[in-house]
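*Asks:* Handing you this structure, nothing more for now.
The values are calculated or read from the model by the stated rules, or taken from the named source; none is laboratory data. Note that the structure is predicted; figures quoted are calculated from it, not measured. Note that we place each Cβ from the backbone using ideal geometry, even for glycine, and neighbour counts take in every protein chain shown.
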Amino acid sequence: MNRYYFYNYADSKGNHEVHKDTCSYLPLNSNCTYIGYFSSCHDAIKEAKKKYPSKSFDGCYWCCNPCHKG
């Protein structure tokens with residue numbers, strides 16, 4: 001299980017990047033929103049979409065690669 005966050009600012013594709021709390025690419029926490037504690041990035045993104053339906057999400061290439069759109 002890991003704690004997941006998303007970056008508050010969307011990338012050039014309009015996605016908010018989701019990271020594990022242990023990721024070295026996680027931006028400063030003041031620029032991130034806590035999603036919760038989950039067993040996979042898929043579950044974290046599902047919850048983020050539920051809480052923030054107007055936002056799009058993408059997994060970090062490094063820590064959430066199974067959820068990375070590319």
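Residues are listed down the side, and each one gets a yes or a no for (1) modelled with pLDDT of 95 or more; (2) surrounded by 11 or more Cβ atoms within 10 Å (Cβ to Cβ); (3) closer than 15 Å to residue 11 by Cβ:
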| position | (1), (2), (3) |
| --- | --- |
| 28 | no, no, no |
| 36 | yes, yes, no |
| 39 | yes, no, no |
| 44 | yes, yes, no |
| 49 | yes, yes, no |
| 53 | yes, no, no |
| 62 | yes, yes, yes |
| 67 | yes, yes, yes |
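*Asks:* For region 13-35, what are the residues that are touching a strand residue (DSSP E or B) at 6+ places or on another chain (Cβ under 6 Å), closer than 15 Å to residue 2 by Cβ and free of Cβ contacts under 8 Å to residues at least 40 places away in the same chain?
*Replies:* Within region 13-35, 21, 26, 32, 34, 35 meet the criteria.
*Asks:* Now, a different point. State which residue pairs qualify: first residue of a type in the set (Val, Ile, Thr) and inside region 36-52, second residue modelled with pLDDT of 95 or more and surrounded by 16 or more Cβ atoms within 10 Å (Cβ to Cβ) in any location, beta carbons under 7 Å apart, and separation of 6 or more residues or different chains.
*Replies:* 45/18; 45/57; 45/59; 45/67
*Asks:* If we keep just the residues of region 8-26 that are over 12 Å from residue 58 (Cα atoms) and of a type in the set (A, V, I, L, M, F, W, C), which is surrounded by the most Cβ atoms within 10 Å (Cβ to Cβ)?
*Replies:* 26
*Asks:* Considering only region 1-30, state which residues are more than 10 Å from the chain's Cα centre (by Cα), over 17 Å from residue 66 (Cβ atoms) and among the aromatic types (Phe, Trp, Tyr).
*Replies:* Answer for region 1-30, where residues must be more than 10 Å from the chain's Cα centre (by Cα), over 17 Å from residue 66 (Cβ atoms) and among the aromatic types (Phe, Trp, Tyr): just 9.
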